[in-house]
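The values are calculated or read from the model by the stated rules, or taken from the named source; none is laboratory data. Only a predicted model underlies this, so the values are computations on that prediction, with no experimental measurement involved. Here the Cβ positions follow ideal geometry from the backbone for every residue, glycine too, while neighbour counts run over all protein chains shown. In case anyone asks, the SASA skips ligands and DNA or RNA and just uses the protein heavy atoms, side chains included. Shrake-Rupley method; radii C 1.70, N 1.55, O 1.52, S 1.80 Å.
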Amino acid sequence: MAPSLLGGLTKSLAMTVLSEVGDKTFFAAAILAMRHPRKLVLAGCLSALTVMTALSASLGWVAPNLISRKWTHHVTTLLFFVFGIWSLWEGFKEDGESEELAEMEAKLDADFKSNKGEQKNKSKATDDTKKQRRPFLMQFFSPIFLKAFSITFFGEWGDKSQIATIGLAADENPFGVVIGGVIAQALCTTAAVMGGKSLASQISEKMVELSSGVLFLLFGILSLLSGPEGQL
């Protein structure tokens, strides 16, 4: 039986939301939006996350063509259990404070201060004039867009959520995984950009890790019960 589109979408949506809320890229989007135009930060972060989701799902889709579906299913099931235990362990170690928020803020602060001197001599009137002369589409390839894109893309590379997406796409409908992942990324990133640091600082990493751990374990159990053919 072929994996259903709805199954891949719902699993990807739930997994991505819990993986991305409180993630370092979530905090990066919130902090960047405080210092730069929100639409450019949102466009850069979302573009990077969409590319990463599509790339990860593509790798997962190719996997069953290189290895038998039986083995990809077993590997995916194992990954769910490993990530579930890992997330629960991280959650129990957390004291509730947003350590990643502080770390990300320190990194971006250092970068912001180094660039501040170069921008000191530019007046607001000059910047506005340049922005008006620049074509609308070209604004989305400004240094701000590229900064948001690169920070988000490389921040997600090799992350737990990326590997989980690859495994999920290998076992579920890859189109559903992409759609669910992109919707979840859009919701999380928009919340980070619009809510800013005030929202990010209120997020309990402990609860996020514990919730994602339970979800991964649930996916692992469902995958174990369903078998390679996807039937319970």
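Here E90 passes the criteria (1) part of a helix (DSSP H, G or I); (2) open to solvent by 20 Å² or more (accessible area, probe 1.4 Å); (3) farther than 16 Å from S19 by Cβ; (4) modelled with pLDDT under 85 except the one numbered (3).
Residues in the range 149-172 that are surrounded by fewer than 24 Cβ atoms within 10 Å (Cβ to Cβ) and outside any helix (DSSP H, G or I): W157, G158, D159.
Condition (residue is part of a helix (DSSP H, G or I), of a type in the set (K, R) and free of Cβ contacts under 8 Å to residues at least 12 places away in the same chain) applied to the range 53-70: is it met by at least one residue? Before you say what the answer is, go through the steps one by one.
First, the residues of the range 53-70 that are part of a helix (DSSP H, G or I): 53-66, 69-70.
Cutting the leftovers down to of a type in the set (K, R) gives us 69-70.
Among the residues that remain, those that are also free of Cβ contacts under 8 Å to residues at least 12 places away in the same chain are: none.
No, every residue in the range 53-70 fails to be part of a helix (DSSP H, G or I), of a type in the set (K, R) and free of Cβ contacts under 8 Å to residues at least 12 places away in the same chain.
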